[in-house]
Amino acid sequence: MARPGLRKKNRYSEDFKATAVKLSQLAEVRVQDVAAALDIHPFMLSRWRKEVRDGVIVAKGAKVDLQTAGELKRLRELERKYKILQEEHALLKKAIRFASERRQKSSSSSKQTGPVMPSPSCVGSTMSPAPASTPGSNALLVRARKPTCS
């Protein structure tokens, strides 16, 4: 919350304003990027752009530093690539989650529960009860002999 009292009010020179407006008018450079680089509010920069259009600020003599302009373009390009990478990452996470859920469903449905039933084609095969492999277990396992169907 803002503190009561006097606020610090920066006074910017006409040359600074004109240079900021020139930077914001470069191709592929956003007003927000220029404002963040110059540590000013984007609304203030937009107001200065309007004042240049109205002729209040004369921007003819303003020089734009080529290095700063290049850095702003590079920053914009990196932000665009970063956004694409974030979207790709989110998509890959969803694909991994989908594949793992499918794998879990298919592995649980392939397990058979219940007794092993003989194949209807081999009715003559014999089945013999075998004791459970763990000692102390009362359960009997059914072991099927290889059917000898002809």
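Quick notes
- Of 81/105; 73/94; 22/83, those spanning more than 30 Å from alpha-carbon to alpha-carbon: 81/105; 73/94
- Approximate spin-label separation residue 99-residue 67, in nm, with each point projected 7 Å along Cα-to-Cβ: 4.7 nm
- Residue separation of residue 107 and residue 87 scaled by 0.36 nm, minus their Cα-Cα distance, works out to 4.2 nm of gained length.
- Just so you know, the Rg over Rh for region 14-108 is 1.36, from Cα atoms, with Rh as the Kirkwood radius.
Only the coordinates and a few stated rules stand behind these numbers; no lab work does. Owing to the predicted nature of the structure, the values given are computational and were not obtained by experimental measurement. Cβ sites come from the backbone with ideal geometry, for glycine too, and all protein chains shown count toward neighbours.
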